[in-house]
């Protein structure tokens, strides 16, 4: 039996019961979010575990009542007008910088590189699996109710659209994992998709990207594209299986790794552009350049030109939520300087620094 047929039979038995709200999107924005793989930091991770507990680890097989969602104290108004500019020290006595302000790591332990940076703030999960948004006014907002049941072997994930005010994130249910697409500007749920799973299959289920309102979801059986505006059995289509991975998606371009995509003929992305790259690489918001551990961004188009950032001794890079590049210098056993670089000129401005006695500087919500 074909993999797509197998997935179809499993999912369509469940999706008919899912509520399908009518999308309510307003302004198309020009700022988005960042990225990919968590870089380990013992000090900050230890603080984060105290706050997030089991939400950041693979849970044992169980079905139990989840703890009540946590509440986090206001931190005061932040400035997101030039991007979140979120970065942190790996040191337990270090600092977290966000929205132009600096906080002790010990006071912001619930934020780490597993968070997702959006143009509306940082999205993170508490130990109940509840998604939260740290908004520009410094307050904590819960995004959507979480079911009381805990799915087996579940670890939450989230990705945001760079231009639309959309966030997609996973939530545990008694039958598997629900992927929820939510509008950050209104707080309204656009749509949900229930993906049945159990055990390790739930641990493998991740949101890998959101672009143009489409959600890219990795499962143990393959990577699918979910179109919330589509109705009926083909609300999702297969994009690739086996070793295929989505590294990033931006402006109608898919950055893929490990194995080539095999989009279904009916897929809404069948005519998109596909670029091979590394799993921890990132696309610029216009999809024209790839950022990969270097101040030189290589073009995705044959006739494109590379962008070279005017920053020296930098070893850490990511895209901020306004589309600029954050760069941090190598600073082991001293301090790392952090810069904000524009793509149109390649010019870089120092915006701060962090102590790096324990390891590497980290970009909160955007780590490569």
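Odds and ends about this structure:
- When residues of region 338-351 are limited to those that are surrounded by fewer than 20 Cβ atoms within 10 Å (Cβ to Cβ) and in contact with a strand residue (DSSP E or B) (Cβ under 7 Å, 6 or more places away or on another chain), the one farthest from residue 305 (Cα to Cα): 351
- Scanning region 235-248 for residues that are in a loop (DSSP other than H, G, I, E, B) and without any contact (Cβ under 8 Å) to a residue 60 or more places away in the chain yields 242, 243, 244.
- Within region 155-232, strands (runs of 3 or more DSSP E) holding 2 or more residues that are within 17 Å of the chain's Cα centre (by Cα) and over 26 Å from residue 258 (Cβ atoms): 166-172, 176-183
- Selection count where residues are surrounded by fewer than 23 Cβ atoms within 10 Å (Cβ to Cβ) and over 12 Å from residue 156 (Cα atoms), scope region 205-215: 2
- Pairing residues of region 93-115 that are over 19 Å from residue 336 (Cβ atoms) with residues that are at pLDDT 85 or above and in a strand (DSSP E or B), at Cβ distances under 6 Å and at least 6 apart in sequence or on separate chains, gives 115/122; 115/124.
- Scanning region 154-181 for residues that are touching a strand residue (DSSP E or B) at 6+ places or on another chain (Cβ under 7 Å) and closer than 19 Å to residue 282 by Cβ yields 157, 158, 159, 160, 161, 162, 166, 167, 168.
- Listing of strands (runs of 3 or more DSSP E) fully contained in region 249-368 that carry 3 or more residues being in contact (Cβ under 8 Å) with a residue 12 or more places away in the chain and more than 27 Å from residue 122 (Cα to Cα): 273-276
- Selected residue [under 18 Å from residue 326 (Cβ atoms), at pLDDT below 95 and under 18 Å from the mean Cα position of the chain (by Cα)] from 144, 115, 86, 131: 115
- From the list 241, 298, the one residue that fits, being in contact with a helix residue (DSSP H, G or I) (Cβ under 6 Å, 6 or more places away or on another chain), surrounded by fewer than 20 Cβ atoms within 10 Å (Cβ to Cβ) and within 30 Å of residue 222 (Cα to Cα), is 241.
- For region 301-335, a residue qualifies if it is buried (at least 19 other Cβ atoms within 10 Å of the Cβ) and modelled with pLDDT under 95, and exactly one does: 331.
- Qualifying residue in region 249-260 (condition: more than 30 Å from residue 327 (Cβ to Cβ) and surrounded by fewer than 19 Cβ atoms within 10 Å (Cβ to Cβ)): yes
- The condition (being buried (at least 17 other Cβ atoms within 10 Å of the Cβ), in contact with a helix residue (DSSP H, G or I) (Cβ under 6 Å, 6 or more places away or on another chain) and at pLDDT 90 or above) is satisfied by just one residue among 151, 92: 92.
- Leading residue by the ranking (farthest from residue 235 (Cα to Cα)) among those in region 187-204 that are in contact with a helix residue (DSSP H, G or I) (Cβ under 8 Å, 6 or more places away or on another chain) and buried (at least 22 other Cβ atoms within 10 Å of the Cβ): 195
The values are calculated or read from the model by the stated rules, or taken from the named source; none is laboratory data. Predicted, not measured: the structure shown is a model, and the values here were computed from it. Cβ: placed from backbone, ideal geometry, glycine included. Neighbour counts: every protein chain shown.
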